[in-house]
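A.B. asks: Take a look at this one; I'll ask things after.
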Amino acid sequence: MTPDDGGSVAFEPFSREDAERVWQHIRQTGDVLTMGQYPEVEVKVDYKQPTPEIQGWMGKDSLAWLYERAQQMESIVEIGSWKGRSTHALLSGCRGPVFAVDHFKGSPDELNGAHGEAARRDIFPDFWQNVGGFRNLVLFRMESTEAAKYFAPKSVDMVFIDGCHMKQAVMADINAWAPKCRKLLCGHDAGYKTVQEAIRDCGFTNTRENGGMWIVTP
Ligand SMILES: C[S@@+](CC[C@H](N)C(=O)[O-])C[C@H]1O[C@@H](n2cnc3c(N)ncnc32)[C@H](O)[C@@H]1O
């Protein structure tokens, strides 16, 4: 399977077999992390509910919102996973695969602030410890826009965007992922001016949900 070069990227609809094929690809290439490079881990907390125990910035209400939406989806892409706080909610709720996309380097504008830890140490082991035991997790450890090339148009039910919040970065995420989404395109930090401007300049309008979440209709 190769990105955007025609051929074998046909993910519609996603099934357990599709997820396995993605895993095969991940195992065969160096650009995304393979499960085999890390030991099997047990998820520390309940699989069947979102957990506020994982370090991150998302409020409990937002975790519950993600969990409830995820229960209505067969497949989900998350852009920006950090240590897996929101990923855990999505993985717990979704029946099918959750594709987590993160380079785990932290967002460039946050490296002297909230994401400073990622500049000092590798945060990936924290992510893996927190959610690596979920069988429906498929990890793309890479740039968001690169990962998008592996997905066919309208191939995933839900796309949740919570990567870098700089305007150009949000626009790049929306432009890359909106075409892949067939039901729910949403994201975090609806209150950020940069996020609002990015949504507008991508030609969408959005509704604000539950305080911090935004939704556009693809
Ligand atoms: C706000 S944090 C995500 C928080 C997470 N959703 C949670 O609930 O804890 C943003 C994440 O996006 C990742 N990120 C930023 N820009 C990215 C890009 N262009 N490609 C992939 N990951 C990116 C960072 O490494 C960081 O882990």
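A.B. asks: Taking amide H atoms as placed 1.01 Å from N in the peptide plane, list the residues 5 or more away in sequence, or in a different chain, whose amide H sits under 5 Å from that of Glu209.
C.D. replies: Amide H neighbours of Glu209: Trp214, Ile215.
A.B. asks: Regarding the range 91-179, what is the average projected area of its C-alpha convex hull, in nm²? Spell out each step's value before the answer.
C.D. replies: Numbers: hull surface 24.4 nm².
The directionally averaged projection comes out at 6.1 nm².
A.B. asks: Tell me, what is the Rg over Rh of the range 36-157, with Rh the Kirkwood radius over Cα pairs?
C.D. replies: Details: Rg = 13.9 Å, Rh = 14.7 Å.
Reported Rg/Rh, Kirkwood definition of Rh: 0.95.
A.B. asks: Determine, for each peptide in 205-215, 83-93, the mean count of other beta carbons within 10 angstrom over its residues, then list the peptides with the highest first.
C.D. replies: Details: 205-215: 15.6, 83-93: 26.6.
Ranked by mean Cβ neighbours within 10 Å, highest first: 83-93, 205-215.
A.B. asks: Let me ask something additional. Which entries of Lys167/Lys193; Lys83/Lys183; Lys105/Lys193; Lys83/Lys105 show an alpha-carbon separation above 19 angstrom in the structure shown?
C.D. replies: Working: Lys167/Lys193 8 Å; Lys83/Lys183 26 Å; Lys105/Lys193 23 Å; Lys83/Lys105 11 Å.
Cα-Cα > 19 Å for Lys83/Lys183; Lys105/Lys193; rest within.
A.B. asks: Rounded to a whole number of µm²/s, how large is the Stokes-Einstein D of the range 134-218 at 37 °C and 0.692 mPa s, given Rh as the Kirkwood radius over C-alpha pairs?
C.D. replies: In µm²/s, the coefficient rounds to 251.
A.B. asks: Sticking with this structure for a sec: Return the lysines within reach of Lys180: Cα separation strictly under 17 angstrom, same-chain partners fewer than 8 residues apart disregarded; answer none if there are no such residues.
C.D. replies: Lys149, Lys154
A.B. asks: Just need the relative contact order of the range 151-205 here, percent rounded to a whole number, with Cα pairs under 8 Å and 6+ apart.
C.D. replies: After rounding, I find 44 percent.
A.B. asks: For Cα pairs less than 8 Å apart in space and 6+ apart in sequence, what is the mean separation divided by the residue count of the range 112-218, i.e. the relative contact order in percent?
C.D. replies: Answer for the range 112-218 is 22 percent.
A.B. asks: Also: Which GluC sites (Glu not before Pro) in the range 53-138 sit in a loop by DSSP (not H, G, I, E or B) and have at most 15 other Cβ atoms within 10 Å of their own Cβ?
C.D. replies: Loop-located and lightly packed - Glu53.
A.B. asks: Could you give the nm distance between label points at Thr207 and Ala152, where each point is 7 Å from its Cα heading toward the beta carbon?
C.D. replies: 3.0 nm
A.B. asks: Right, something else. Taking amide H positions as placed 1.01 Å from N in the peptide plane, with prolines and chain starts having none, which residues 5 or more places from Glu78, or on another chain, fall under 5 Å of its amide H?
C.D. replies: Residues meeting the amide H criterion: Phe99, Ala100, Val101, Phe160.
A.B. asks: Additional query: Ranked by Cβ crowding within 10 angstrom, fewest neighbours first, how are Asp122, Asp157, Asp173, Asp189 ordered?
C.D. replies: Asp122, Asp189, Asp157, Asp173
A.B. asks: Further question on the same structure: At q = 0.22, 0.24 Å⁻¹, what is the base-10 log of I(q)/I(0) for the range 72-127 according to the Debye formula with one equal point scatterer per Cα and no solvent? Please give it to two decimals.
C.D. replies: These q points yield log10 I(q)/I(0) values of -0.80, -0.89.
Read-outs throughout are calculated quantities, based only on the coordinates presented, and are distinct from any laboratory measurement. Since this is a predicted model, take the numbers as computed values, not measurements. Cβ atoms come from the backbone with ideal geometry, glycine included; neighbour counts cover every protein chain shown.
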